[in-house]
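The values are calculated or read from the model by the stated rules, or taken from the named source; none is laboratory data. All values derive from a computational prediction rather than experimental measurement. As a convention, Cβ positions derive from the backbone with ideal geometry for all residues, glycine included, and neighbour counts pool all protein chains shown. Side chains included, ligands, DNA and RNA excluded: accessible areas come from the protein's heavy atoms. Shrake-Rupley method; radii C 1.70, N 1.55, O 1.52, S 1.80 Å.
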Amino acid sequence: MSVLVLLLAVSAACCLGFGFVLQQNAAQQAPLSDFLSPRLLLDLMKMPRWLSGIGLMVAGMILGAVALGKGEISLVEPLLATNLLFAFALSRHQTKHKLSHQGASGLVLLAGGVTAFIVAGQPHGGTAVTDPLRHWLIIGLVVGSALLLTAYAKRSRLIWAPVLLGLAAGLLYGVQDALTRVSSTRFSDGGFGELFTGWHPYGVLVLGVTGLILVQSAFETAPLRMSLPALTAAQPLAGILCGVGFLGDRLRTDTGALAWEAAGLAAVVAGIVLLSLHPAMPRGQAQEQPAQNLQPR
């Protein structure tokens, strides 16, 4: 593993984790009438704490994009999933909660799972698939799943909506990371002319804005523990699917390696769940409100 890619990805995860906490602190004060509306971003832009969180998230995305340009997406995505560790650390600082055995177990499982997946899979580059049908099939599957989750979240009760929106945003961010990798390659091959003649950078922008609206809608309606774990779990899975599916990433596929890769991903998800249930994760305004239907009237 490149030390530079490791440092870039972990630094990106740190910025993302801190940024998510600050965004949720501000978004929980936004009116629920803005749910899944671009108006939500306009209201949040008036809050300095949210702008600070967005600044950190943008810095994390830039660092992540550089890491994706220098390393395989199947390597970078699991490292980006550690953003929950940094979000948990900032949340503990804000709430003054002790770590507890549950928190320690979550930290070990998440960090150990990422390590196990990378060591067992040994992600490395290969030949990217040029067949556009395969590109669109995988991207359509992931984006279509995100749209279905969003549609159901809009019709669901408040308690389920943030989880579904977190999953949807994570799927979109995973595809965004894949398109960022493609855009980086095109830029390296032909500069800005090659970059902007393709659709990929525009796809990155659309997915980024859409994912941002979904995330902020989730943050305003429920505690961080409801939405961030779902987002954190879905993003690397979608990114790895795109990486192996059409970007040419290769993982070891012998029986032992596959078993450790599966165990590593399972440990990551288990660690995310344990951390999400820890009292240190901040509570949102929705916990103090009765469940309500979010479908527009």
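Per residue, the chain exposes 45 Å² of solvent-accessible protein surface, assessed with a 1.4 angstrom probe and all protein chains in place.
For Lys154, a cut-off of 26 angstrom between C-alpha atoms picks up these lysines, skipping any fewer than 8 places away in its own chain: Lys46.
How much of the accessible area of segment 115-264, in percent, comes from carbon and sulfur atoms when a 1.4 Å probe is used?
For segment 115-264, the apolar C and S fraction of the accessible surface comes to 71 percent.
Treating r as the C-beta distance of Ala262 and Ala151 and R0 as 25 Å, the FRET efficiency rounds to 0.25. Estimated from helical segments only, the mean residue ellipticity of the chain at 222 nm is -26000 deg cm²/dmol, where each DSSP H run of four or more residues counts as -39500 (n - 2.57).
The relative contact order of the chain, computed from alpha carbon pairs under 8 Å that lie at least 6 residues apart in sequence, is 30 percent. Taken along its principal axes, the alpha carbon cloud of segment 59-192 reaches lengths of 51, 39, 30 Å, longest axis first. Taking the longest Cα principal axis of the chain as reference, the axis of helix 255-276 is set at about 20 degrees.
Fully extending the segment from Asp189 to Val206 would add 3.8 nm, taking 0.36 nm per residue of separation and subtracting the current Cα-Cα distance. A P(r) calculated from all alpha carbon pairs of the chain, with 10 Å bins opening at zero, reads 7, 29, 36, 22, 6, 0 percent. Taking each residue as 0.36 nm, the span from Thr255 to Lys98 lengthens on full extension beyond its C-alpha to C-alpha distance by 52.5 nm.
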